[in-house]
């Protein structure tokens, strides 16, 4: 039985060293790494023969404590920080220790003489089934979080790894012990681990919420509250890429510079906000309204619709100033449909822009004719 247990422990050790090797970048050649690791392991085995029996829970996983001394050769032979090294070691030892316990207790269903080899076979089979998914999870996800998270969040994950390892150790101790101290240690370890897991979950959730909020702010025009130029181009380029039809209306406020010059820039900001609110309130048809520049706006509507139909609908919008001292001077509009009028976004905007300036020119000419006739 002792020889089988020793083989199981050696197998655990090999798996842990393999995990550390996979997860860290080696800075020494294999000719140096292998002899150093073998010599260090022999040193630890000699040390454990003298000291480990005095540790609580002897034979139930206390050898894990000595395993932490591998931080020393790992720091010398691999390019890895102490935080990353400890996180990997804790998660790896938790994994191998839980499989060790699983194999021990599952092996007890066999007749007593067959239990030791059954435990070793079960443990080896479990490594064969679970080692690759464990490495994929550890290397592909957890290490990325540890390496790229903010310092405070990386420290939380390290503490969570240490707590998980401590919980696994206490479980291995208490499962074959009637000691009150062992049971209290397990309860405390579970409590600490649970609290830290919720803290980590809260931290990640808050980080995601902050990322969503930041993303939303980056797509919103601060003055009017409308979607901004970046939001428009992202949505329009996506529609073009997916070849989904849509129609845009390019709107430009008439003589907006005279508002700033006459009433000041604060009044000009108010003017822009009022226009955005009134147009959004009156134009109840489906679509998204964007402010893409100072006094330039774009309305985007998905689906098939002719540019002329949208132009006619927008022509029904009548904006009146909420301040009698600041008159509303109107706006000009040009529309274009994808892919009917253009097959690329820049060409589509150019068509709508040209039509908008043509409408503005026609409106000014009409105003001049009316003024001349009155004279």
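Structural remarks
- The residue list 27, 31 contains one member that is surrounded by fewer than 17 Cβ atoms within 10 Å (Cβ to Cβ) and in contact with a helix residue (DSSP H, G or I) (Cβ under 9 Å, 6 or more places away or on another chain), which is 27.
- Of all the listed residues (237, 296), the sole one being surrounded by 12 or more Cβ atoms within 10 Å (Cβ to Cβ), in contact (Cβ under 8 Å) with a residue 60 or more places away in the chain and either more than 32 Å from the chain's Cα centre (by Cα) or more than 19 Å from residue 319 (Cα to Cα) (or both) is 237.
- Positions within the stretch 29-67 being more than 18 Å from residue 8 (Cα to Cα) and modelled with pLDDT under 80, in sequence order: 47, 50, 51, 54, 55, 56
- Only residues that are within 28 Å of the chain's Cα centre (by Cα) and part of a helix (DSSP H, G or I) were counted across the stretch 69-94, and they come to 13.
- Here the condition is being in contact with a helix residue (DSSP H, G or I) (Cβ under 6 Å, 6 or more places away or on another chain) and at pLDDT below 90; of 319, 292, it holds for 319 alone.
- The requirement of being assigned to a helix (DSSP H, G or I), within 25 Å of residue 356 (Cα to Cα), out of contact with any strand residue (DSSP E or B) (no Cβ under 9 Å at 6 or more places or on another chain) and modelled with pLDDT of 90 or more is fulfilled nowhere in the stretch 214-229; no residue meets it.
The values are calculated or read from the model by the stated rules, or taken from the named source; none is laboratory data. These numbers come from a predicted model, not from an experiment. So basically every Cβ, Gly included, is an ideal-geometry build from the backbone, and we count neighbours across all protein chains shown.
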